[in-house]
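Inspection log for the structure reproduced underneath, given as structure tokens.
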Amino acid sequence: MTKERKMNIREDMSWREMPQGGHIIDAGNAEDFKTGDWRSMRPVWLPDKCKQCLLCWPVCPDMAIPVENGKRKDFDFDHCKGCGICVEVCPFKAIDFVEEGK
Amino acid sequence: MAIKDKLSGNEAIAVAMRQIDPDVVAAFPITPSTEVPQYFSQFVANGQVHTEFVAVESEHSAMSACIGAEAAGARTMTATSSQGLALMWEMLYIAASLRLPIVMSVINRALSGPINIHNDHSDSMGARDSGWIQLYCENNQEAYDNLIQAIRIAEHKDVQLPVMVCYDGFITSHAVENIELIEDEKVKAFIGEYRPQHYLLDRDNPISMGPLDMPAYYFEHKRAQAEAMKNAKRVILEVAQEFEKLTGRKYGYFEEYKMEDAEVGIVIMNSTAGTAKFVVNELRKQGIKAGLIKLRVFRPFPFEELGKALSHLKAVAIMDKADSFSGAGGPLFTEVRSAMFDYAKDTKAVSYIYGLGGRDVRPDEIMSVYQDLLEIARTGQVKSTFNYLGVRE
Ligand code: SF4
Ligand code: SF4
């Protein structure tokens, strides 16, 4: 998943190796970090109801709805925060919204 | 040839800023620091500097603007005092942790309350754990010299930390003294061009600053910040050596005054060191082996060097112009005594808090401290460890 980076930040790195001040010196390195682990609600995609209208895709603030060849796929739960915006937007009730862990 | 002049502390700082010609100055007026941005804004209006002067609506905004400017890649300076520094509080920590080498003059004034505009060190002492380097100055010459050195220290690649240059409100800031200035072009050559490694306006290398830092990384970033402060110890001496070559004026972590054979001594900061040196001279005339240490660098703290410098004394008084309300002495006392535990175990140490809210400190009062120390040296007994000097009991 990791692209070409000036620096690959990993959890086993020493403080000596990291950019000072916590600066992000690679644009778009958010995909290297799993930031979805504190989600309390979870969107559930229902492919049977989905019409692939793609109205959900542009509203996700975390780019957690991957699209390939013009079709959405299942959520990227490493980055989805469970905000529920996609749930509200979907005109076909093709996204369920459930408590995480249930 | 150096330029001889007569300037107040605030004028000297403004002149140094003109010579440094920073890219951005963002400041808000507060007594007794007001004159610094006031004089400097005249240089801006006259076209003597190329600086973008940002007149903000509060000190919180002043420091925020400085952070934004420095992050963008601009050499940035400001000045404040007392409540102004207190209002900057949260931004001070952010400037240091983002590793932004902002240089700020802190014209020391008592913190409210009760409200008081006169000198003590409660403002900068309160910011001692904010991650800023702190240099303290006895007089106008030192304020001028330290400000110029501060640029080099702050911007050094192994440091990259903000610096406060602290001097006493009114006593130093408003009193006119003889001063030796460095020629403009020599200052320019000494400080050099500012070339940050990472900055926001570098469009070929886009970066983000100040993102959320989760438990997996925050500690490492703080550890790196702590290392930068350790590195500053070395860099401060390197810059001082270069500065001495330029001016002949010598700087270290602290000044030792008649300490070689001293048996009793005091540790003190800023302008009262001048009064205390007069007292040391009087005592020396009577054959009493008195000495003095004037601390210049409080952050980073010269733990080992200061501890060792006190090891041959029989008794030392550590004098704080700020109380930390711990019930156990001021901040300087606590740290110096901690160093002495490792390096000067046999020297008796006592704390004196003095001069709060601009209370005058007279030579006879400093003399009484030395008399107390001589008594301790003679008897080996400390009657009172925590003392207040010059207050009506
Ligand atoms: S908005 Fe609903 S129907 Fe449209 S693509 Fe998304 S999930 Fe499918
Ligand atoms: S719940 Fe929010 S974060 Fe998760 S996919 Fe939907 S819009 Fe994106």
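The values are calculated or read from the model by the stated rules, or taken from the named source; none is laboratory data. Keep in mind that this is a model prediction, so the values were computed, not measured. Glycine also receives a Cβ, built like all others from the backbone with ideal geometry; neighbour counts cover every protein chain displayed.
Points to keep in mind about this one:
- The range A:80-92 residues that are within 14 Å of another protein chain (Cβ to nearest Cβ), paired with ones that are within 6 Å of ligand 2 (Cβ to nearest atom) and at pLDDT below 95 (beta carbon under 7 Å, 6 or more apart): A:LYS81/A:ASP62
- Scanning the range A:6-29 for residues that are in contact (Cβ under 8 Å) with a residue 12 or more places away in the chain and of a type in the set (S, T, N, Q) yields a total of 2.
- Among the conditions (1) surrounded by 23 or more Cβ atoms within 10 Å (Cβ to Cβ); (2) within 20 Å of the chain's Cα centre (by Cα), B:GLU70 misses just one, which is (2).
- B:ALA228 being facing another protein chain (nearest Cβ under 10 Å), in contact with a Leu (Cβ under 6 Å, 6 or more places away or on another chain) and among the hydrophobic types (A, V, I, L, M, F, W, C): yes
- Any chance B:ASN116 is crowded, with 24+ Cβ neighbours inside 10 Å and at pLDDT 95 or above: no
- Looking only at the range A:38-87, and only at residues there that are within 27 Å of B:MET214 (Cβ to Cβ) and loosely packed, with under 12 Cβ neighbours inside 10 Å, the one that is farthest from ligand 1 (Cβ to nearest atom): A:TRP38
Let's see how each residue does on (1) more than 26 Å from B:ARG223 (Cα to Cα); (2) within 17 Å of the chain's Cα centre (by Cα):
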site	(1), (2)
A:ASP12	no, no
A:ASP26	no, no
A:ASP32	no, yes
A:ARG42	yes, yes
A:LEU46	yes, no
A:ALA64	yes, yes
A:LYS71	yes, yes
A:LYS81	yes, yes
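- Applying a threshold of 6 Å to beta carbon distances and a minimum spacing of six or more residues, or different chains, the list of pairs starting in the range A:42-68 at a residue that is closer than 14 Å to A:PRO91 by Cβ and ending at one that is in a loop (DSSP other than H, G, I, E, B) and within 11 Å of ligand 2 (Cβ to nearest atom) reads A:CYS56/A:ILE65; A:CYS56/A:CYS90; A:TRP57/A:ILE65.
- Restricting the range A:41-79 to residues that are more than 13 Å from ligand 2 (Cβ to nearest atom) and acidic (Asp, Glu), the residue that is farthest from the other protein chains (Cβ to nearest Cβ): A:ASP48
- Look at (1) without any contact (Cβ under 8 Å) to a residue 24 or more places away in the chain; (2) closer than 28 Å to A:ILE24 by Cβ and you find that B:ALA189 fails only one, number (2).
- Note on the range B:12-34: residues that are more than 27 Å from B:ILE115 (Cα to Cα), buried (at least 23 other Cβ atoms within 10 Å of the Cβ) and in contact with a Ser or Thr (Cβ under 7 Å, 6 or more places away or on another chain) total 2.
- The criterion of at least 3 residues that are under 30 Å from B:GLN197 (Cβ atoms) and among the basic types (Lys, Arg) is met by none of the strands (runs of 3 or more DSSP E) falling completely within the range B:58-143.
- Filtered by the rule that a residue be buried (at least 23 other Cβ atoms within 10 Å of the Cβ) and of a type in the set (D, E, K, R), the range B:300-352 gives B:ASP320, B:LYS321.
- Residue count for the range B:243-259 under the criterion of being out of contact with any Lys or Arg (no Cβ under 9 Å at 6 or more places or on another chain) and within 19 Å of B:LEU313 (Cβ to Cβ): the result is 1.
- B:VAL361 vs. criteria in a helix (DSSP H, G or I), in contact with a strand residue (DSSP E or B) (Cβ under 6 Å, 6 or more places away or on another chain) and buried (at least 17 other Cβ atoms within 10 Å of the Cβ): no
- Taken over the range B:173-225, the criterion of being outside any loop (DSSP other than H, G, I, E, B) and either within 11 Å of chain A (Cβ to nearest Cβ) or closer than 18 Å to A:TRP15 by Cβ (or both) is satisfied by B:SER208, B:TYR218, B:PHE219, B:GLU220, B:HIS221, B:LYS222, B:ARG223, B:ALA224, B:GLN225.
- Any chance A:ASP96 is away from chain B (no Cβ under 14 Å), within 16 Å of ligand 2 (Cβ to nearest atom) and touching a residue at least 24 places away in the same chain (Cβ under 8 Å): yes
- For the range B:255-285, the candidate set comprises residues that are surrounded by fewer than 22 Cβ atoms within 10 Å (Cβ to Cβ) and in a strand (DSSP E or B); within that set, the residue that is nearest to the chain's Cα centre (by Cα) is B:GLU255.
- Subset of the range A:7-25 [within 8 Å of chain B (Cβ to nearest Cβ) and closer than 18 Å to B:SER208 by Cα]: A:ILE9, A:MET18, A:PRO19, A:GLN20, A:GLY21, A:GLY22, A:HIS23, A:ILE24, A:ILE25
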